[in-house]
Amino acid sequence: MNVQRIVILGGTGFVGSRLVPRLTADGHHVLLLSRNREAHRQRGVGRNVAIASADVYDPATLHRHIAGADAVIQMVGILNESGRNTFERVHVGLTRLVIDACRAAGVHRLHMMSSLNAGKGTSGYLRSRGEAEALVRSSTLDWTIYEPSTIFGPGDGLVTRFDSLLRIAPVMPLPRPQAKMAPVYVGDVVEAIARGVNDASTVLRTYELYGPETWTLIDLVRAIRDARGRHRVILPMPDALGRLQASVAQFVPGKPFSPDNFRSLLVDAVGQSDGLAQLGIHPQRLSDWLPRLLGQPVRHRRLDEARSRRRH
């Protein structure tokens, strides 16, 4: 395995913050580009890790930091648009800038984290992801694309988000209750990218990253509710009401749900080509992780189950 100098965009996010120590454990030297170095100073503490404040939308700045690298990993992405941060700017525009900077700097290796179902459906999120992938595939770079399904893990936007909502809502109206997903563990996504970095045979390949279990959205929310022992009503909503809910929720602080999120749920987040298996990774199951994600050790859960059986 060759030690590489790797520049990462989006390395302070949910997946990136876990990828950095995995890459440095392999001996790679990592440079994180961030809008605010001081806000993420702790990310730059560690062996073979540096962090630089950089406006990644400035071509000269991007070129300067990428020059001399062996590889670039583009992980920047958004689930909702806000102000200047549109899907077009963040997913498509930034990808174009990264490709141009790599060409100008003579950096041939590009890894990009995208999304399962990129380019499918009518949502701006998936459409822009697909456009970004098309740019990468049509470039002359040695690219690898990673397409994760919904990602779970400590502090995620899936289990943690619904657990928080169930804490305060006696009734939860749920749009697209039968939408399917195959959630993938964040550690498996990290391992997939790390193996892609270390394996030249992954060049010009796309890997769908999804877990071994397929859940409907309502079954997942019910499992989170039941694991907490909460008495909450989960109210399945027809699509007409789901769209109405999304149109209202987009104006709530934090934008918990938007019309584009609704359109994304129209496409099931399940894969057809097992990229984790192709990379030699045995995926972890969300059902096994639920007790840990909810702060309940497996040992305690089993004791509770045994007590419940004795009561009945």
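The values are calculated or read from the model by the stated rules, or taken from the named source; none is laboratory data. As the structure is a computational prediction, the values presented were derived from the model and not from experiment. Cβ placement follows ideal geometry from the backbone for every residue including glycine, while neighbour counts extend to all protein chains displayed.
Structural remarks
- Figure legend. Inter-residue proximity from the range 211-224: first residues over 14 Å from PRO291 (Cα atoms), second residues in a helix (DSSP H, G or I) and charged (D, E, K, R), beta-carbon distance below 8 Å, spacing 6+ or different chains. Indicated pairs: GLY211/ASP188.
- Test for PRO291: is it of a type outside the set (S, T, N, Q), at pLDDT below 95, surrounded by 15 or more Cβ atoms within 10 Å (Cβ to Cβ) and more than 30 Å from ALA118 (Cα to Cα): yes
- Looking across the range 55-66 at every residue that is part of a helix (DSSP H, G or I) and in contact (Cβ under 8 Å) with a residue 24 or more places away in the chain, the one that is surrounded by the fewest Cβ atoms within 10 Å (Cβ to Cβ) is identified as PRO59.
- Scanning the range 255-293 for residues that are in a loop (DSSP other than H, G, I, E, B) and among the hydroxyl-bearing types (Ser, Thr, Tyr) returns SER258, SER273.
- Looking only at residues of the range 73-88 that are closer than 20 Å to GLY11 by Cβ and in contact (Cβ under 8 Å) with a residue 12 or more places away in the chain, we find that the one that is surrounded by the most Cβ atoms within 10 Å (Cβ to Cβ) is ILE73.
Residue by residue, here is whether (1) in contact with a Cys (Cβ under 8 Å, 6 or more places away or on another chain); (2) among the hydrophobic types (A, V, I, L, M, F, W, C); (3) at negative phi; (4) surrounded by fewer than 17 Cβ atoms within 10 Å (Cβ to Cβ) holds:
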position: LEU19; (1), (2), (3), (4): no, yes, yes, no
position: SER34; (1), (2), (3), (4): no, no, yes, no
position: ALA71; (1), (2), (3), (4): no, yes, yes, no
position: VAL92; (1), (2), (3), (4): no, yes, yes, no
position: ARG96; (1), (2), (3), (4): no, no, yes, yes
position: LEU110; (1), (2), (3), (4): yes, yes, yes, no
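- Of all residues in the range 238-254 being surrounded by fewer than 17 Cβ atoms within 10 Å (Cβ to Cβ) and outside any helix (DSSP H, G or I), the one that is farthest from the chain's Cα centre (by Cα): PRO238
- Pairs with Cβ under 7 Å, 6+ apart, first in the range 243-262 and over 11 Å from PRO175 (Cβ atoms), second in a loop (DSSP other than H, G, I, E, B) and of a type in the set (Gly, Ala, Ser): GLN250/SER258; ASP260/SER123
Residues checked against (1) closer than 30 Å to SER139 by Cβ; (2) at pLDDT 95 or above; (3) of a type in the set (Gly, Ala, Ser):
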| position | (1), (2), (3) |
| --- | --- |
| ALA200 | yes, yes, yes |
| VAL203 | yes, yes, no |
| LEU220 | no, yes, no |
| ILE224 | no, yes, no |
| ALA227 | no, no, yes |
| ARG232 | no, yes, no |
| MET237 | no, yes, no |
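- With respect to the stated conditions, GLY13 is in contact (Cβ under 8 Å) with a residue 60 or more places away in the chain and either part of a loop (DSSP other than H, G, I, E, B) or surrounded by fewer than 14 Cβ atoms within 10 Å (Cβ to Cβ) (or both).
- Verdict on LEU165 being in contact with a Pro (Cβ under 7 Å, 6 or more places away or on another chain) and farther than 15 Å from ALA277 by Cβ: no
- Flag for ILE224 being in a loop (DSSP other than H, G, I, E, B), among the hydrophobic types (A, V, I, L, M, F, W, C) and closer than 19 Å to VAL186 by Cβ: no
- Comparison of ALA104, ALA69, ALA52, ALA132 shows that the only residue that is touching a residue at least 12 places away in the same chain (Cβ under 8 Å), part of a loop (DSSP other than H, G, I, E, B) and under 28 Å from ASP199 (Cα atoms) is ALA69.
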